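Bear in mind these aren't lab numbers, they're just calculated from the coordinates by the rules spelled out. All values reported here derive from a predicted model rather than from experimental measurement. Note: ideal-geometry Cβ built from the backbone for every residue, glycine included; neighbour counts use all protein chains shown.
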Ligand code: ADP
């Protein structure tokens, strides 16, 4: 598992519950989504109604699950958490929907990965708070309509564009979650350090924030690794130097690139003069699968402006040469 991977691993799941902000005021950053959501929830509360369905789009680890829990907390409602891939059959969804209580929040992570029949059932449930439960098979099958209590669906997806328009249109509000600025991540790190009872200097938090790829989940994970290092190699206090040394040991560099990212970039620069080079050739050069390079390493390199995908192949940007301390003509310079 990558230290800078975005999906939650076992350890993340174990500590994340303790690190999640409990209300909108505690939730760092995402000003726009926070402000909009605040209005949606306040208006619903003032009307004494259930909040509109909410769609949250954004990369893993940016706080979609956390926000869904905050929505439930702010509405004083219970929450049920499930995911698209966990719902194989429409019947699975019917079972969940029919057991919801009035006002309950249903969080559906990776909603774009739900099966087609379940998705169609969800349309009706969202719009009319009703599902048709099919009883029996073949020509004798009958649809029994079932009334549902009003509930709030919070759907999460990596990109809103992945959803079929009929589903997307049934959400009253869509919040787009952005990657976090370093200063925001620094606040996330400070907050988590306080909750984990770790002493950290401002510059230590900044060092971790700068290597966290705009993602709170990664920031929290790096903080835990740096804490280990500070306890074993120093007096437990996280200074800038300790954070930098620790993350160098874990091979997460100053910009948040890990060993794989650097291998891809180094091959592109040193073996192919900065490109253009085809994806397959590049993958062979680093001894990785094509998919690994394309799906695991490239998205962040592209986002960082270090690598570009062109019709003729992958090319390195001037920033890539600079980041690895290489010059185009001399090859290795540092
Ligand atoms: P997602 O559902 O988008 O994958 P999560 O809600 O599970 O992300 O968040 C991952 C971790 O990051 C959690 O531990 C959470 O505490 C932390 N986190 C996310 N967003 C914020 C934020 N805005 N402020 C503080 N911590 C956050």
ask   = Angle between the Cα long axis of helix 31-47 and the longest principal axis of the chain, 0 to 90 degrees, nearest 10?
value = 20
request  = Please express the shape of the stretch 191-327 as an equivalent ellipsoid: the semi-axes are the square roots of 5 times the eigenvalues of the C-alpha gyration tensor, given largest first in whole angstrom.
outcome  = 33, 13, 12
query = Taking the mean number of other Cβ atoms within 10 Å as a proxy for protection, how do you rank 214-221, 201-208, 30-37 from highest to lowest?
reply = 214-221, 201-208, 30-37
remark   = Length gained if residue 137 through residue 291 is fully extended, taking 0.36 nm per residue and subtracting the Cα-Cα distance, is 51.3 nm
Inter-probe distance in nm under a simple model that places probes 7 Å from Cα toward Cβ, at residue 9 and residue 199 = 2.9
query = For the stretch 128-228, what number results from the quotient of the Cα radius of gyration and 2.2 N^0.38 Å?
reply = 1.78
note = One finds the C-alpha centres of the stretch 181-245 and the stretch 46-103 to be spaced, in Å, by 31
key: Computed lengthening from residue 92 to residue 46, 0.36 nm per intervening residue step minus Cα-Cα distance   = 13.2 nm
key: Percent RCO, i.e. relative contact order, over the chain, from Cα pairs under 8 Å lying at least 6 residues apart   = 15
message = Working only with C-alpha atoms, what are the Rg and Dmax values of the stretch 46-194, expressed in angstrom?
response = 16.9, 63
query = In the chain, what percentage of the DSSP-assigned beta bridges are antiparallel, given to the nearest 5?
reply = 40
key: Ranked list, fewest to most other Cβ atoms within 10 Å of each Cβ, for 121, 69   = 69, 121
key: Radius ratio Rg over Rh of the stretch 1-133, counting only Cα atoms, Kirkwood formula for Rh   = 0.97
request  = Mind pulling the angle between the C-alpha long axis of helix 240-249 and the longest principal axis of the chain? Nearest 10 degrees, somewhere in 0 to 90.
outcome  = 90
key: Residue order, fewest to most beta carbons within 10 Å, for 124, 177, 114   = 124, 177, 114
query = Taking the radius of gyration and the Kirkwood hydrodynamic radius from Cα positions alone, what is the Rg/Rh ratio for the chain, to two decimal places?
reply = 1.05
ask   = How high is the FRET efficiency between residue 232 and residue 281 when r is their beta carbon distance and R₀ equals 45 Å, given to the nearest 0.05?
value = 0.60
message = I'd like the orientation of helix 64-75 relative to the chain: the angle between its Cα long axis and the longest Cα principal axis, in ° from 0 to 90, rounded to 10.
response = 40
task = Compute the distance in nm between two label points, each set 7 Å from the Cα along the Cα-to-Cβ direction, one at residue 319 and one at residue 102.
result = 5.3
task = For every helix of n ≥ 4 consecutive DSSP H residues, a contribution of -39,500 (n - 2.57) applies; sum these over the chain, divide by its total residues, and give [θ] at 222 nm rounded to the nearest 500 deg cm²/dmol.
result = -13500 deg cm²/dmol
key: Mean Cβ neighbour count within 10 Å, used as a protection proxy, ranking 248-258, 49-59 highest first   = 49-59, 248-258
